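Encoded as structure tokens, the structure appears first; notes follow it.
The values are calculated or read from the model by the stated rules, or taken from the named source; none is laboratory data. Just so you know, these numbers come straight off a predicted model, no measurement behind them. Cβ atoms come from the backbone with ideal geometry, glycine included; neighbour counts cover every protein chain shown.
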Amino acid sequence: MGGSRLAQGSLAFGGEPDASITLELAGAEVRLWPNWIDPREADGLLHALHKSIDFEQHRLRLFGREVDAPRLSCWIGDPRAYYRYSGATFAPHPWPPLLAQLRERVEAACDARFNSVLANLYRDGRDAMGWHSDDEDELGAAPVIASVSLGGTRRFRMRPRHGSAPARTLELTHGSLLCMSGETQTNYMHAVPRTRRPVTPRLNLTFRWVEPGKRDFQPALGIAGDGRR
């Protein structure tokens with residue numbers, strides 16, 4: 001993509017997105033667009049979303065005690081897109097206009113519909129995400145998870161949920177798009193590990209479809225259990 005700029009509250013995509021790379025992973029469908037958004041446009045999007053998203057630090061319950069999550073987060077979505085995992089339920093914040101526009105573009109790239117997004121802000125290399133799969137009941141049997149990365153490059157690791165095959169490592173760069181679909185969440189886990197190398201803040205947006213009314217939700221504050229990216 002080239003030459004488009006972010007201006008006056010709009011998100012304009014110019015040209016065609018960078019070609020995608022299909023990962024060779026048995027039992028998974030994973031595609032990566034390393035340069036999906038033009039760098040200048042990605043800079044503007046990062047700045048605008050950092051200001052418009054109401055990030056907070058969730059609480060995790062680990063080994064019987066509560067600790068601060070090692071990142072800042074915000075759950076955003078359509079009015080009925082409640083999300084529950086690890087014993088906590090999240091009521092969606094409304095879509096910022098720029099993020100709603102970005103959703104449409106991600107839907108076109110991944111050939112899927114999304115009604116929600118988890119925004120995570122990794123402030124430095126100490127912020128991280130542990131091993132997990134996005135396999136909650138609300139996401140369905142074969143969810144499409146689309147991940148847009150803005151800011152500092154971080155390692156994204158994937159490993160099989162069963163067996164001893166080694167983990168794969170991807171570098172998710174500024175403006176990249178990663179799309180996981182099919183049986184990926186059934187067969188694989190993923191993580192964003194800590195790093196000691198200097199790294200600028202990273203804003204990650206993971207779009208997904210949550211089945212409205214899947215459960216009788218009672219929204220609660222906070223979070224219990226391990227986190228999600």
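Here is how the numbers come out for the structure above:
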{"quantity": "Pairs, first more than 21 Å from Glu138 (Cβ to Cβ) in segment 88-111, second part of a helix (DSSP H, G or I) and not polar (S, T, N, Q), C-beta under 7 Å, six or more apart", "calculated": "Pro96/Leu49; Leu98/Leu45; Leu98/Ala48; Leu98/Leu49"}
{"quantity": "Strands (runs of 3 or more DSSP E) enclosed by segment 1-119 - at least 2 residues per element that are at pLDDT 95 or above and of a type outside the set (Asp, Glu)", "calculated": "29-33, 72-77"}
{"quantity": "Any hit, segment 129-150, residues being at pLDDT 95 or above, in contact with a Pro (Cβ under 6 Å, 6 or more places away or on another chain) and either of a type outside the set (Lys, Arg) or on the phi < 0 side of the Ramachandran plot (or both)", "calculated": "no"}
{"quantity": "Residue satisfying condition, being in contact (Cβ under 8 Å) with a residue 60 or more places away in the chain and outside any strand (DSSP E or B), within set Asp124, Asp135", "calculated": "Asp124"}
{"quantity": "When residues of segment 163-177 are limited to those that are without any contact (Cβ under 8 Å) to a residue 24 or more places away in the chain and outside any strand (DSSP E or B), the one nearest to Val148 (Cα to Cα)", "calculated": "Ala167"}
{"quantity": "Within segment 138-156, considering residues that are closer than 20 Å to Thr89 by Cβ and assigned to a loop (DSSP other than H, G, I, E, B), the one nearest to the chain's Cα centre (by Cα)", "calculated": "Pro143"}
{"quantity": "Sole residue being within 22 Å of His174 (Cα to Cα) and surrounded by fewer than 17 Cβ atoms within 10 Å (Cβ to Cβ), chosen from Arg113, Arg105", "calculated": "Arg105"}
{"quantity": "Hits in segment 178-202 (condition: within 24 Å of Asp43 (Cα to Cα), among the aliphatic types (A, V, I, L, M) and part of a strand (DSSP E or B))", "calculated": "Leu178, Val192"}
